[in-house]
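Only one structure is covered here, and it is reproduced in the block below.
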């Protein structure tokens, strides 16, 4: 397997050569803007990784990697509208820079482009790839709907929350690895193992995202800190806090989140103080470690070279060590 530095550099060259249709510019400029924000391109990197692990030809999976990145960014465009998020990767979100209608339509176009890119595959693997991709796209939308349901659902329990983030986040990470493995010709058992690895890694990744949204630093995290608190999102931190809180603490948390008389900064500060009293940061870190350990157990079972496992283990570690 190639090093992740090599794969990342290959990805950078790939996306530098991607040409976004220019007309009508009102539709395609936001797409070009979104892709220019780049991020770490984790999911297309995992597509290349899944292919490379099983000895596949990386050139045959390039269009799949591009398609997965387009699909992921489509979900972000729509997610930012629903959350009214002003910042993504340290820049204005598309709905803020343009407007919500532009963001919706450009996002829809990105979904179409994603399918078009992914369809550029040899006939022997195309049906399986499309089946996995379309199932994943549906699951991501299901996860988003569960997330939206939580907004008006009084009681959300941890199993509900884990199901939601598995669908909304983890399955796309798992899908990315599996698609690469499919194109490389991996057998059915290996495809199951690499999917399970990605799913558990994705759960750990999303829980880390929850943690950073409250306890991170905006200039390092790339998003507005405390956005989940202001939006009253039922994250792992919130659900766990309600589970552990006594009656007085529960009443205070609900009051902080619902009051209109408190400034956003004060609301974030009060909620964080309560989270610290309940040791929510430490509990969340332990939950992250639990899913990460499950991912590594899946990795240990995969029938690939030990050096390749070591490389993938190192990447997984780096993926979760995002600065506070």
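The number of residues in the range 3-32 being free of Cβ contacts under 8 Å to residues at least 24 places away in the same chain, more than 12 Å from residue 66 (Cβ to Cβ) and assigned to a loop (DSSP other than H, G, I, E, B) comes to 4. Return a yes/no flag: does the range 57-69 have any residue that is closer than 29 Å to residue 178 by Cβ, assigned to a loop (DSSP other than H, G, I, E, B) and modelled with pLDDT of 90 or more. Yes - at least one qualifying residue is present in the range 57-69. Please indicate, with yes or no, whether at least one residue in the range 149-160 is touching a helix residue (DSSP H, G or I) at 6+ places or on another chain (Cβ under 7 Å) and over 30 Å from residue 238 (Cα atoms). There is no residue in the range 149-160 that is touching a helix residue (DSSP H, G or I) at 6+ places or on another chain (Cβ under 7 Å) and over 30 Å from residue 238 (Cα atoms). Note on the range 120-153: among residues that are in a loop (DSSP other than H, G, I, E, B) and in contact (Cβ under 8 Å) with a residue 12 or more places away in the chain, the one that is surrounded by the most Cβ atoms within 10 Å (Cβ to Cβ) is 121.
The values are calculated or read from the model by the stated rules, or taken from the named source; none is laboratory data. If you're wondering where the values come from, they're calculated on a predicted model, not measured in any experiment. Positions of Cβ are backbone-derived with ideal geometry, glycine not excepted, and every protein chain shown enters the neighbour counts.
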